[in-house]
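Rule-based calculations on the coordinates, nothing more; no lab input. None of these values were measured; they are calculated from a predicted model. A quick note on method: Cβ atoms are made from the backbone with ideal geometry, for glycine too, and the neighbour counts reach across all protein chains shown.
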Amino acid sequence: MGTITTKDGTEIFYKDWGTGQPIVFHHGWPLSADDWDNQMMFFLNQGYRVIAHDRRGHGRSSQTATGNEMDTYAADVAELTDKLDLKDAVHIGHSTGGGEVARYVARARKGRVAKAVLVSAVPPIMLKTEKNPGGLPLEVFDGFRAALVANRAQFYVDVPAGPFYGFNRPGVKVYQGVIDNWWRQGMIGGAKAHYDCIKAFSETDFTEDLKAIDVPVLVLHGDDDQIVPYADSAPLTVKLLKNGTLKTYPGFPHGMLTTHADVINPDILAFVRS
């Protein structure tokens, strides 16, 4: 574990375990590298070098008041991968982290990236616009911002206890520890950065990024995702990629990397090895 200091003075925390081909994990909002504990242990035990960072404003990285948007997020990743001199890496992003992966991979120097995986990811764009009529209205994200400002601690209970993991669905087993861990990760980060990031994950258009990506990309999404609705995300993303593969999981929630790690991890491993 360590930190790098970016060109604008931001400290980015990261974990770096093992040897072999590097796999870089990019977390969702408002979480941290800890959200990848299961996957990092799984792939470490498969012989890979596993790396996960806390996005600026999240986790143990600097609680930045500026730079909380996708261009800077991707630039931070570029600085990290340069510092660690990663070559032929696989970049895996969940939710907001999927957007970060799309922007970084589209701009990465040749030889840095071998493959990418987008899991329950926000591309192409979440917001409803004239070009994206199936998106979510701005009022949804305004509601997120209002809830964060009014009572961030309670908001960070309500999200994981409800739609994030599908714990609001009838008959679903609820894991209190998972809810508590989501809250713990969220509350470590900075309120201002988290507030700004809502705009970053909802309004950023990744269409041109997806078109520019040349490496193979695996797109994984559950069709009961209540955070990033399936119909306006994964199928549209695959159509924009030069070399994309879509795998849909019936009934799986947004946080399926946690609730169904036993299914998702082997599927990612098969893609990485292919």
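General remarks:
- Filtered residue count, the range 77-123, keeping only those that are among the small types (G, A, S), part of a loop (DSSP other than H, G, I, E, B) and surrounded by fewer than 24 Cβ atoms within 10 Å (Cβ to Cβ): 2
- Selection count, the range 124-152, where residues are assigned to a helix (DSSP H, G or I), free of Cβ contacts under 8 Å to residues at least 24 places away in the same chain and surrounded by 15 or more Cβ atoms within 10 Å (Cβ to Cβ): 1
- Inspection of the range 260-274 identifies no residue that is touching an Asp or Glu at 6+ places or on another chain (Cβ under 8 Å), of a type in the set (F, W, Y) and either in a loop (DSSP other than H, G, I, E, B) or surrounded by 17 or more Cβ atoms within 10 Å (Cβ to Cβ) (or both).
- Selection of the range 169-198 for residues being in a helix (DSSP H, G or I), within 14 Å of A65 (Cβ to Cβ), within 17 Å of the chain's Cα centre (by Cα) and not acidic (D, E) yields A193, H194, Y195, C197.
- When the range 25-50 is filtered for residues that are touching a residue at least 24 places away in the same chain (Cβ under 8 Å), in a helix (DSSP H, G or I), of a type in the set (D, E, K, R) and surrounded by fewer than 22 Cβ atoms within 10 Å (Cβ to Cβ), only D34 remains.
- Here the range 209-232 is the region considered, the condition is being touching a strand residue (DSSP E or B) at 6+ places or on another chain (Cβ under 6 Å) and not in a strand (DSSP E or B), and the residue that is surrounded by the fewest Cβ atoms within 10 Å (Cβ to Cβ) is D223.
- Whether a residue is on the phi < 0 side of the Ramachandran plot and either surrounded by 18 or more Cβ atoms within 10 Å (Cβ to Cβ) or under 14 Å from the mean Cα position of the chain (by Cα) (or both) was assessed, and D16 does not pass this test.
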